[in-house]
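First comes the structure, then the notes that go with it.
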Amino acid sequence: MEYFKKIIRYALPYKKYGLLNILFNILYALFSTISFLVLMPLLDVIFNPDKKPITIKPHFEGITKLIDFFKDYMSFTIHQVAGVDKSKALMMVVGLVITTFFLKNIFNYLAMFFITFLRNGVLKDIRNDLYKKTIELPISYFSEKRKGDIMARIGTDVLEIQHSFLSILEMFVREPLTIIFTIVAMLLISVKLTVFVFIFIPISGFLISLIGKSLKKQSDRVQKEQGYFLSLIEETLGGLKIIKAFNAESTFNKKFRESTSRFYHFSNKLLNRTNLASPMSEFLGIGVIAVLLWYGGKLVLVEKVLDGESFIAYMGLAYNILTPAKAISKASYSVKKGNAAAERVLEILETENPLKDKKNAVVKESFDREIVFDNISFKYEDDYVLKNFSLTIPKGKMVALVGQSGSGKSTLANLITRFYDVNEGAVTIDGIDIRELTIHSLREQLGMVTQDAILFHDTIANNIAFGKNVSEEEIIRAAKIANAHEFIVSLPKGYQTNIGDSGNKLSGGQKQRLSIARAVLKNPPILILDEATSALDTESEQLVQKALEQLMENRTSLVIAHRLSTIQKADTIVVMQQGKIVEQGKHQELLANKGMYYKLVSMQSL
């Protein structure tokens, strides 16, 4: 229950629905018991036709005589309305039975009606919080997690919690109340018979509880395996071209079959264990009923301390306990399954975000002087990628980073955007450590164009606007600066053309120009270009390069480049190797030095 105590806070905004559910469950449980008690006058009319009706209004003589008072009062009321007409009396009693059962089912429906709002509200709020947390968590968190596993937690795990939540409310309110009211009625009919029955019920309960002990573990394995094969589907769809090009269909087929096979076995174990609950509890319940028939029959026929109609009503009440008892056993299994799901959901919700804003974080509204990497050191895992690194980027200047793969160029971009925090030293903007700024205001100062143009399954206009409330004229102006307007207007629906999943309907150059248009529209004072042209052909590169040059005008730019032809106009070129600066200067100066930059240019020219 520890995880459900944490989940219960999601029900608080919907407590009015929970209270209405409890109210109607109480009424349902009450009428569930009364519906069997009103059978006694019916049976009395049918089986004792010669019995004289009670003509004097009976008096209540205490709780132990409540059932006798109830029977006598019903007999008196029937006589008052029907007189000596037996058929009229029978119709009246039948109408009473139908009314009682009708009210019982109306209250049952109303209880389920109100709990629906609570269940779906909890489902909505947990999903919203999970998605919000997923967006807020640092990129480093997802480098260790499978995307499919996150999807499984937001999808199926939350649904499992929703179903379990309903089970708990039934288990805590409706079913126990039904049992309590029924037991009270049974005790009022015959204490001796009820005590005899309840010797056997704890034995049944103990046997049922033995089944549910391993359900949490089995459920956890099922959910984890589901997360794995969802990841496999996501990876397959993302890398379909490579899978086909390398004839790797059989390899991925094998992986998926192995995963679904494990899921099949785990699910079978879980469902078979769950399914055992219902027949076992029913069989044990019938066993109790059989013992009851034998002993109750003795009380009626041999000892003559119980009349026939009371015994039949008592049998109905005893059977009335079976349904809620079965529901409680099912609910307890459901709770164990839901507990495993809740644990997986709470693992994400309770993960501490190391990159959240400080309490008195500063809102940065403008960029005025310089960006400084002040003696920083950083490592992703064990080995340092950057060690005692220092660099200053003055406002309005273009600084280019070049060097071999793994030299730490992209890491600098990740640190200035605060996707990661430095281990030592500080990154400052206008002399303020970026860890002292609000993340939102920091990123408002930055624009980013990456090697992989990240676009969304939406229209071109929405991909450029990207959530900003801007006019169509502003979108077109941004597209023109990015050299994208011409190809956009040639498309069937122009700016309203849907570009498909990840923009797969467009070429690499077209996608990149849309990314640049998005950055133009944001109009940030600081621009980060992370190998923005490295994946393009020569013609596309020239178009994109022109767009980038227009974008970089009057801005502070940090350019990470593999293609050295794109950075010749940089104010400073920084040559990096193994996390350190080995050379820096202008293009011509570095060529004249004939150092590492000269070698890199020579290799690319060759």
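Derivation of every value follows stated rules applied to the coordinates shown; laboratory data play no part. As the structure is a prediction and not an experimental result, all values here were calculated from the model. Cβ coordinates were reconstructed from backbone atoms using ideal geometry, including for glycine residues, and neighbour counts include every protein chain displayed.
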| field | Full-stretch length increase - S502, K395 - with 0.36 nm per residue and alpha-carbon distance subtracted | value | 35.1 nm
| query | Let a ≥ b ≥ c be the square roots of the eigenvalues of the Cα gyration tensor of region 458-506; is it rounded (a/c under 1.5), or, if not, prolate (a/b larger than b/c) or oblate? | reply | oblate
| query | At 20 °C and 1.002 mPa s, what whole-number value in µm²/s does Stokes-Einstein give for the translational diffusion of region 370-605, with Rh from the Kirkwood sum over Cα pairs? | reply | 116 µm²/s
| task | Give the calculated FRET efficiency between E352 and K145 to the nearest 0.05, with a Förster radius of 25 Å applied to their Cβ-Cβ distance. | result | 0.95
| field | Karplus-derived 3J(HN,Hα), 6.51/-1.76/1.60, for each residue of region 592-597, Hz, glycine and proline x | value | 5, 5, 6, x, 5, 4
| field | Other-chain or far-sequence residues with amide H under 5 Å of L386's (modelled H) | value | F378
| said: At R0 = 41 Å, how high is the FRET efficiency between E258 and Y384 if r is their beta carbon distance? Nearest 0.05 is fine. | reply: 0.60
| field | Segment L276-T459, extension gain: residue separation times 0.36 nm, minus the distance between their alpha carbons | value | 60.7 nm
| said: Once you place label points 7 Å from the Cα toward the Cβ at E303 and F283, how far apart are they in nm? | reply: 3.1 nm
| query | How many nm is it between the label spots at E370 and H440, if each spot is 7 Å from the Cα in line with the beta carbon? | reply | 3.1 nm
| Inter-site label distance for W294 and N128 at 7 Å from Cα along Cβ, in nm | 5.9 nm
| said: Angle check, please: helix 308-349 long axis (alpha carbons) against the longest principal axis of the chain (alpha carbons), in degrees 0 to 90, nearest 10. | reply: 10 degrees
| query | By the scheme Lys and Arg +1, Asp and Glu -1, what is the net charge of all other residues having a beta-carbon under 12 Å from that of G408? | reply | +3
| Helix 66-82 versus the longest principal axis of the chain: what is the Cα-based angle in degrees, 0 to 90, to the nearest 10? | 70 degrees
| task | Let me see the pair-distance distribution of region 441-532: every alpha carbon pair, 5 Å bin width, integer percents in order. | result | 3, 15, 27, 28, 18, 7, 2, 0
| task | Would you list, by chain and number, the aspartates and glutamates whose Cα falls below 14 Å from the Cα of K6, excluding same-chain residues fewer than 8 positions away? | result | D125, D129, E343, E347, E350
| Net charge near K397, counting Lys/Arg +1 and Asp/Glu -1 over other residues with Cβ under 13 Å of its Cβ? | +2
| task | Pull out the extension gain between A248 and Y109, defined as 0.36 nm times the separation in residues minus the alpha carbon to alpha carbon distance; nm, one decimal. | result | 44.6 nm
| request: Please return the longest stretch of the chain lacking exposed loop sites, where GluC sites (Glu not before Pro) count only if DSSP places them in a loop and at most 12 other Cβ atoms lie within 10 Å. | output: 382-552
| message | Over 20 Å intervals from 0, what percent of Cα-Cα pairs in the chain sits in each interval? | response | 15, 33, 24, 16, 11, 2, 0
| Cβ-derived FRET efficiency at R0 25 Å, Q542 paired with R477, nearest 0.05 | 0.70
| note | Hits in region 102-146: amide N under 19 Å from the 7 Å Cα→Cβ extension of L23, namely 103-119
